[in-house]
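For reference, the structure discussed in these notes is given below.
Read-outs: derived from the displayed coordinates by stated rules, not from any lab. Fair warning: this is a prediction, and the values are worked out from it, not measured in the lab. Here the Cβ is made from the backbone with ideal geometry for all residues, glycine too, and neighbour counts use every protein chain on show.
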Amino acid sequence: MAATAAGVPAAPLFPNTIGMLEALYRGLTALAGPAVRRLLDHRLAAGKEDPNRLPERLGHPGLPRPEGRLIWLHAASVGESLAVLPLIDRLLTLAPRPTVLVTTGTVTSATLMAKRLPPGALHQFVPVDLPAAVARFIDHWRPDAALWIESEFWPNLLRVLRKRGVPTALVNARLSAGSHRNWRRAPRTAHRLLSTFRLALAQTATEADRLRDLGLADVRCVGNLKYSTSPLPAEPEALAALRTAIGGRSTWVFASTHPGEDDLAAQVHRRLAPRIPGLLTLVAPRHPTRGPEIAAAVEAQGLTVSRRATGALPGPGDALHVADTLGELGLFFRLAPVAAVGGSFVPVGGHNPIEPAQLGAAIVYGPHMHNFAEIAATLEAAGGARRVADVDGLADAVHTLLTDPEAREAQAAAAKAVADDNRHAVDRVMAALAPLLAEAGMTLPEHAPGDPP
């Protein structure tokens, strides 16, 4: 029997079995319609769905389809949607100029896309993977090409794209070791599902190997789009007001924190405040709705705290300032010369360290950076980031970086150099996508933006 180089059969041993599994999934998801609607109602009550746009989750369009070519990008949540912004800018330079439709699944990502998408790009919530919802979505939007970001695979959506022959690629692909092991237990099913993608563009060589092992034929390692994102924006008036309020205080930020990490920030502050007079600790929770909860916990420890969501600026007597607003992290990376990366001191996997690197902050993170393992390794090898094990290591690193300007500036410069050296990932992505986009009736401009004619 023929096999690929990775050892996955070129064709299923029992093709009817694969078809039966697909039919079973379709049938079960069709029957699950009422349960999914109840789940959406529960999510709505919990603030996890937009009440004005809930029909989009069932495939009912919230906008008319524009005339002309349309490229659909699916990015599951905040990190993926921000990573594709430079790609969206490039896609809008194609000829003929397409509309770019971006789908995500979270309220937070939808809010950010409303602020950050350029003219010519639209946002919709991704439909739940029910056959009827999927059919309504695809029938309305009729994508000429589809680009799925990272690693969210919905069988009904992918099946419809495959059946309708929509040129589809997996971009900025990630596949963790755990996900790879799980897929290897059902290699033929994985091969069938992933066969929707004509091309997969992996973030790292390791992830490219994992995708090949699951039977994807055309896999290339082109780097991580997160390197190509523009620096996080900051509103000049807000930046000036915060800078005036902070004055000359020594300041550090713990960014994108998760439950458990806010307490670490308070612990570090209590340890360092006697050694660094006037210390100000900024805490920016990953989910801003946690702001009141964080403030109450900090106040219970006897520390004075203010919250940005209330309109307050950091007062001279505040130990902590909670940055519980959305889309303003660029302010705090510009204001704080030291940035700790959230999600890395709890087993979340860390958040994007390139964002503080681009803005000149010295970076510290904890032991859990598996979501950005290669980026973290590159930063560490260049001397651009410090990995610490616990609150003791965090306190020591923040103290050193705040009190040793030379060490801080050297580390920040090394991190920025890593970000600058890798910023052309989007160029490689566009070059690799050119044949697929041509099949969809669109061509790249003769010169990439910024290139000399």
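Normalised by the residues of region 149-306, what does the relative contact order come to in percent, with Cα pairs under 8 Å and at least six apart?
About 15 percent, as a whole number.
Using modelled backbone amide H atoms (1.01 Å from N, in-plane), which distant-in-sequence or interchain residues come within less than 5 Å of Ala312's amide H?
Those qualifying (amide H under 5 Å, at least 5 residues apart or on another chain) are Arg307.
Can you tell me which aspartates and glutamates have their Cα less than 19 Å from the Cα of Lys115? Leave out same-chain residues fewer than eight positions away.
Cross-link targets: Glu49, Asp50, Glu80, Asp89, Glu235, Glu237, Asp324, Glu328, Glu355.
Given that just one value was derived from the coordinates, which of (1) 40, 24, 22; (2) 75, 29, 23; (3) 35, 26, 20 is semi-axes √(5λ) of the Cα gyration tensor in Å?
(1)
Against the longest alpha carbon principal axis of the chain, how many degrees, from 0 to 90 and to the nearest 10, is the axis of helix 405-421 turned?
Long axis of 405-421 versus the principal axis of the chain: about 10 degrees.
Working from Cα positions, state the angle (0 to 90°, nearest 10) between the long axis of helix 15-31 and the longest principal axis of the chain.
60 degrees
Helix 291-300 sits at what angle to the longest principal axis of the chain, using alpha carbons and giving 0 to 90 degrees rounded to 10?
30 degrees
Under 8 Å for C-alpha pairs, at least 6 residues apart: give me the relative contact order for the chain, rounded to a whole percent. Working shown, then result.
On the way: 823 pairs, mean separation 60.1, N = 453.
13 percent.
Would you calculate the separation in nanometres between label points at Ala238 and Arg65, each defined as 7 Å from the Cα along the Cα-to-beta-carbon direction?
Result: 3.6 nm between the two label points.
Per residue of the chain, what 222 nm ellipticity follows from adding -39500 (n - 2.57) for every DSSP H run with n ≥ 4, rounded to the nearest 500?
Result for the chain: -13000 deg cm²/dmol, rounded to the nearest 500.
Report, for the chain, the % of DSSP beta bridges that are antiparallel, rounded to 5.
The antiparallel proportion sits near 5 percent.
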